[in-house]
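One structure is given here, and the rest of the page talks about it.
The values are calculated or read from the model by the stated rules, or taken from the named source; none is laboratory data. Small disclaimer: the values here were computed from a predicted structure and weren't measured. Glycine gets a Cβ as well: all are built from the backbone with ideal geometry, and neighbour counts include every protein chain shown.
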Amino acid sequence: MGLLDIFKKNNKSADPHASNDRGIMVFENTSEVIRAENVLKHNGWRVRVMGPPPEIRTGCDLVIEIPLIEHLNIHRLLAEAGVSPLKTVPVSGPLLEPVNIFFTHDFGDFLMVRAANMKITIEKKSLLIVNISGGGCPDVPYLARKMVGRKLGDAPSPRSIGHTLCGYALDMAYEEIKKQCLQ
Amino acid sequence: MLAVVGTVPDDDFPIVDGIVSVNKDSLLIGNHEIDINRGTAALLASAFMACRFFGKPGPTAFLVGDTGRGFGSRKLYEYLVETLPERHYISLAFHYIQPDVDWHNKVLFAIDEMEARPLLIADAGFMYAAKMSGQANAYDVFTPDIGELAFLADESAPHPFYTRGFILHENQQAGQLIERAYAHHNAARYLLVKGEKDIVANKSGILDTITGPVIPAMEAIGGTGDIITGLLAGIISAGYNIQPACSMASRISRMAGKSADPHPATQVAEIIQKIPDCMELLIKQQPAGCTCDY
């Protein structure tokens, strides 16, 4: 292991939130954020998706919070994956955190999990996704069409085919209900 | 006359502007046939049922295909900006669309150019954009569910995804959230909050709470909220005051739910089919004298 490898590994495991030298990567749309997050996490980077600061909000936004000092490494990796950010800007104030509270409703034969404004319901016995409700972004009906009637674990994940914050929230509910039913 | 703005989950669906009708489980507009089981199509089908019940023409729909990338939504926003100033509607309901504050504001400017301002109802993505733009009070009715009410109550959240935990917590009472939403000017003139109990409110507080019939499975069924908003839009366009229209929409939706005897796997089209009979039943119970207040 060379010196460079040691440096990279140490920095990968560093918590970006512990530092004041934080930056955010801004992307064209939420789908690109999700793709970039997948690339970075797959390569071992500990990054977080967050809400953008008010001055750059447009509507349905996510950004990726990174340690600024690693900007070039991260940018290079994303460029290789074909998902370059529009820009990277430093941040000093607090960013909005995604919702992290789940509500579970047990209907007996059915189980529903809600994350933020999104709900997913399965039939316990068959593990079939029977309904998706809530939300207001246009990928919600699309996700419902693709997921309802499919088995939990076999259905495409909202992370892979969704494009918006509602899709992202549904992905959190989907992961939570998988955790409750498949583990 | 009512117009409804929204999307369908098909990127190839062009901008369509026309009067809708319903045939069994399908919404018909021009030569297009759309499944009414979710989204704006469920809202439109419910609104159509209400309009037909009152002998009014079916709602006009402004639709476009969008699966979440926002391309279709932006085309539709642009189309509305060009088209709305020349149109005449009693009410205008906005639904699933990619939230975009800049385009939202342009649409509001276009509405200002209309000869007579319609009553404005916002739900789903358009309600998110309306709140985030700081112009919630330009609207006559918002129809959030309880999670979305928490978002309206959180003055710093630009989307329900960012609603802070202390506000989102289930122990928060709807009344407190409503008060907070109005205190920060993030609510429309009326709120119809959809949930286990449906609540009609304005800035003075809760005006009506509809608690029955209780159908717990409705919470899990995608599109049940769209039914309420569609009924509300249809009833308002028939000339009812907003407050009784909210209460009626809630009650009809619950009665239709009960009539369909649903479980959490029921699809919303089964409930929509029950609307005409339930309207008949409920309207017969209404006192005479409901008039317009707009």
ask   = Residues of segment B:20-42 being more than 19 Å from A:Asn131 (Cα to Cα), away from chain A (no Cβ under 13 Å) and not polar (S, T, N, Q), which ones?
value = B:Val20, B:Val22, B:Lys24, B:Leu28, B:Ile29, B:Gly30, B:His32, B:Glu33
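Among the residues of segment B:213-237, which ones are more than 11 Å from the chain's Cα centre (by Cα) and under 19 Å from B:Arg189 (Cα atoms)?
B:Ile235, B:Ile236, B:Ser237
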Residue in segment A:56-66 that is more than 27 Å from B:Gly147 (Cβ to Cβ), modelled with pLDDT under 90 and either assigned by TED's automatic domain parsing to the domain that holds A:Ile132 or touching a strand residue (DSSP E or B) at 6+ places or on another chain (Cβ under 7 Å) (or both) present = yes
request  = For segment A:149-183, enumerate the residues that are more than 11 Å from chain B (Cβ to nearest Cβ), among the hydroxyl-bearing types (Ser, Thr, Tyr) and not in a helix (DSSP H, G or I).
outcome  = A:Ser157
request  = For segment B:141-159, state whether one or more residues are in a helix (DSSP H, G or I), more than 30 Å from B:Ala260 (Cβ to Cβ) and at the interface with chain A (Cβ under 9 Å from one of its Cβ atoms).
outcome  = no
ask   = With segment A:26-118 as the region, which strands (runs of 3 or more DSSP E) entirely inside it contain at least 1 residues that are within 14 Å of chain B (Cβ to nearest Cβ)?
value = A:48-50, A:63-67, A:102-106, A:110-115
note = Going through (1) more than 29 Å from B:Ala136 (Cα to Cα); (2) within 19 Å of the chain's Cα centre (by Cα); (3) at pLDDT below 95 one by one, B:Gly39 fails only at (1)
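What number of residues in segment A:136-183 are aromatic (Phe, Trp, Tyr) and farther than 21 Å from B:Glu148 by Cα?
Pass one, segment A:136-183, residues aromatic (Phe, Trp, Tyr): A:142, A:168, A:174.
From the residues that got through so far, the ones that are farther than 21 Å from B:Glu148 by Cα too are none.
Total meeting the criteria: 0.
Taking B:Glu219 as the residue in question, decide whether it is out of contact with any helix residue (DSSP H, G or I) (no Cβ under 7 Å at 6 or more places or on another chain), modelled with pLDDT under 95 and crowded, with 23+ Cβ neighbours inside 10 Å.
Values: out of contact with any helix residue (DSSP H, G or I) (no Cβ under 7 Å at 6 or more places or on another chain): yes; modelled with pLDDT under 95: yes; crowded, with 23+ Cβ neighbours inside 10 Å: yes.
Here the answer is yes, as B:Glu219 does meet what is asked.
What strands (runs of 3 or more DSSP E) completely inside segment B:6-47 contain at least 1 residues that are out of contact with any helix residue (DSSP H, G or I) (no Cβ under 6 Å at 6 or more places or on another chain) and over 27 Å from B:Asp100 (Cα atoms)? I'd like the intermediate steps shown before the answer.
On the way: elements: B:16-19, B:21-23, B:26-29, B:32-35.
Answer list for segment B:6-47: B:21-23, B:26-29, B:32-35.
With respect to B:Ile167, is the statement that it is within 14 Å of chain A (Cβ to nearest Cβ), surrounded by fewer than 24 Cβ atoms within 10 Å (Cβ to Cβ), β-branched (Val, Ile, Thr) and not in a loop (DSSP other than H, G, I, E, B) true?
Working: within 14 Å of chain A (Cβ to nearest Cβ): yes; surrounded by fewer than 24 Cβ atoms within 10 Å (Cβ to Cβ): yes; β-branched (Val, Ile, Thr): yes; not in a loop (DSSP other than H, G, I, E, B): yes.
Against the criterion (within 14 Å of chain A (Cβ to nearest Cβ), surrounded by fewer than 24 Cβ atoms within 10 Å (Cβ to Cβ), β-branched (Val, Ile, Thr) and not in a loop (DSSP other than H, G, I, E, B)), B:Ile167 qualifies.
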ask   = So A:Phe103 clears everything in (1) surrounded by 24 or more Cβ atoms within 10 Å (Cβ to Cβ); (2) more than 22 Å from B:Asp11 (Cβ to Cβ); (3) more than 15 Å from the chain's Cα centre (by Cα) except one condition, right? Which one?
value = (1)
ask   = Scanning for something at pLDDT 85 or above and surrounded by 21 or more Cβ atoms within 10 Å (Cβ to Cβ), does segment A:87-100 turn up at least one residue?
value = no
ask   = Picking from A:Met118, A:Met172, A:Met147, which residue would you name as being within 25 Å of B:Phe94 (Cβ to Cβ) and in contact (Cβ under 8 Å) with a residue 12 or more places away in the chain?
value = A:Met118
task = Being over 18 Å from B:Glu219 (Cα atoms), more than 7 Å from chain B (Cβ to nearest Cβ) and part of a loop (DSSP other than H, G, I, E, B) is the filter here, so list the residues in segment A:126-148 that pass it.
result = A:Ser126, A:Leu127
